[in-house]
Amino acid sequence: MKYLSTRGDATLRSFSDILLEGLAPDGGLYLPASYPKVSDATLQRWRGLSYADLAFEILSLYIDDIPVDDLRALVRKVYTPEVFGTKEIVPLTRLGNSGIALEALSNGPTLAFKDMAMQLLGALFEYELGRRGETLNILGATSGDTGSAAEYAMKGKQGVNVFMLSPNGRMSPFQQAQMFSLQDANIHNLAVEGVFDDCQDIVKAVSNDLEFKRKWRIGTVNSINWARLLAQVVYYFAGYFQATKSNAEKVSFCVPSGNFGNVCAGHVARMMGLPVQRLIVATNENDVLDEFFRTGGYRPRAAAETHETSSPSMDISKASNFERFIADLLGRNGDAVKARFTASSFTLSAEERGKIADFGFTSGRSTHADRVATIQRCHAEFGVVIDPHTADGLKVALEKRDPGETVIVLETALPAKFEATIQEALHQPAPRPKGFEGIESLPKRFQVVPADVATIKAYITANA
Ligand SMILES: *Cc1c(COP(=O)(O)O)cnc(C)c1O
């Protein structure tokens, strides 16, 4: 399988080439030249596989420059019950006879679905860097979930250092404890005296200094990385197999969305031939994507127009993976994609808009009041405590589900991470998984630094 850019740069690249890269040189995102189609017989065979072996089958359709035995061994080491808590890795829970089920994606080390992809990325980075005899310094900014998932995936890995910027004192105590309690020498927590945007600006400034970037081998692990998306394709298949008895059945997925990374993997699974009825995009008050699917207009918003909500990992106003879907919608016309995404906003023509339904997409929106009411309802009716992001998904699923439709809501985090909203809704603390009981009192390892590019660069050169 070869990869090309959404914006028309047709230089074909292999998986290992794009693994360690961010954007394509023309500013686009990498996509496989085509989506491999999965036959009914193959689907049937995959039904019986363990999660790790299913992951191997799917990955090997997209990765042809890692020897198959190495890839199989690597994947089996990543997706284990020890790391993800259950034999199924992503177990399904049916909510009474509502026709809706929750697929648990957040039983990994940091209790959010980002572990599903990041754990694989850590193993792939270590493998590829080792093979090349290279090292990499990952620089990132986080307001919570991404940073901790990256650190837990990269900790102790050969050839990789992580420098993670977070706004000092602004993460939830649980999230802060998760990140700062890591004692591994290759993990560097930098608590920046500023807000999340300051952290992100510093990362951009450092990455734009091409000489510094090359000299210090600066890389990223953000959600546009194709390997992350590919890892996520697997759990759409795994969810489908658990929800159905035969390949004649269809299911829909409802996905709490921000950067469009999670649901874009669902789009890829559907393009491969997974029997998906609908892909339902759920947003919070930051509803750029819901607006697009309702109107055909894509209007990314400025940071100042982004609401701070109680489902903070979805507080995104410019969906970094969205360009991949638009490239498919526009028939992979690179010039057309480039024109759209170099403008500040765009509106689809009536004809283009008509095609959205061909790809199975629809959407809905949820607010703080909806979130709280849905957490209460899920607890009262089904005895299950869900986190605020999953609640956005369930709210939209309950609203959009057609009679007879099976809808799988992707559970994207555990409630323990977002205690305040659980207290507000249920007047009781969120259940804590075993091993996380006293995490706030563990010793912390972090540096407070000013919001200053030169200081961060000096820290990197001293510790890389
Ligand atoms: C990252 C995240 C999301 C949003 O996922 P995207 O891939 O950005 O659409 C939703 N919920 C939680 C808990 C997350 O951490």
Quiz item: When the residues of the range 249-262 are filtered to those that are more than 6 Å from the ligand (Cβ to nearest atom) and closer than 18 Å to Asp392 by Cα, which remaining residue is nearest to the chain's Cα centre (by Cα)?
Solution: Val255
Practice problem: Please specify each residue of the range 311-342 satisfying the condition of being open to solvent by 50 Å² or more (accessible area, probe 1.4 Å), away from the ligand (no atom under 14 Å from the Cβ) and of a type outside the set (Lys, Arg). | Solution: Gly331, Asn333, Asp335, Ala339, Thr342
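One line per residue, one yes/no per condition, for (1) more than 16 Å from the ligand (Cβ to nearest atom); (2) surrounded by 15 or more Cβ atoms within 10 Å (Cβ to Cβ); (3) in contact (Cβ under 8 Å) with a residue 12 or more places away in the chain:
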| site | (1), (2), (3) |
| --- | --- |
| Val384 | yes, yes, yes |
| Leu394 | no, yes, yes |
| Lys400 | yes, yes, yes |
| His427 | yes, no, no |
| Glu437 | yes, no, no |
| Glu440 | yes, no, yes |
| Lys457 | yes, yes, yes |
Exercise. Return yes or no: is Arg228 more than 16 Å from the ligand (Cβ to nearest atom) and on the phi < 0 side of the Ramachandran plot?
Key: no
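Listed here are the residues, each with its yes/no results for (1) within 13 Å of the ligand (Cβ to nearest atom); (2) touching a strand residue (DSSP E or B) at 6+ places or on another chain (Cβ under 6 Å); (3) hydrophobic (A, V, I, L, M, F, W, C).
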{"residue": "Gly96", "(1), (2), (3)": "no, no, no"}
{"residue": "Ala117", "(1), (2), (3)": "yes, no, yes"}
{"residue": "Ala123", "(1), (2), (3)": "no, no, yes"}
{"residue": "Glu134", "(1), (2), (3)": "no, no, no"}
{"residue": "Leu139", "(1), (2), (3)": "no, yes, yes"}
Quiz item: In the range 110-152, how many are among the hydrophobic types (A, V, I, L, M, F, W, C), open to solvent by less than 10 Å² (accessible area, probe 1.4 Å), within 21 Å of Pro415 (Cα to Cα) and outside any helix (DSSP H, G or I)?
Solution: 2
Quiz item: Which is surrounded by fewer than 18 Cβ atoms within 10 Å (Cβ to Cβ), touching a residue at least 60 places away in the same chain (Cβ under 8 Å) and not aliphatic (A, V, I, L, M), of Gly354, Gly404, Gly364?
Solution: Gly404
Self-check item: The one condition in (1) within 21 Å of the chain's Cα centre (by Cα); (2) surrounded by fewer than 17 Cβ atoms within 10 Å (Cβ to Cβ) that Ile58 fails to fulfil
Solution: (2)
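The values are calculated or read from the model by the stated rules, or taken from the named source; none is laboratory data. Note that the coordinates shown come from a computational prediction; the quantities given were computed from them, not determined experimentally. Cβ: placed from backbone, ideal geometry, glycine included. Neighbour counts: every protein chain shown. Ligands, DNA and RNA are excluded from the accessible area calculation, which covers all protein heavy atoms including side chains. Shrake-Rupley method; radii C 1.70, N 1.55, O 1.52, S 1.80 Å.
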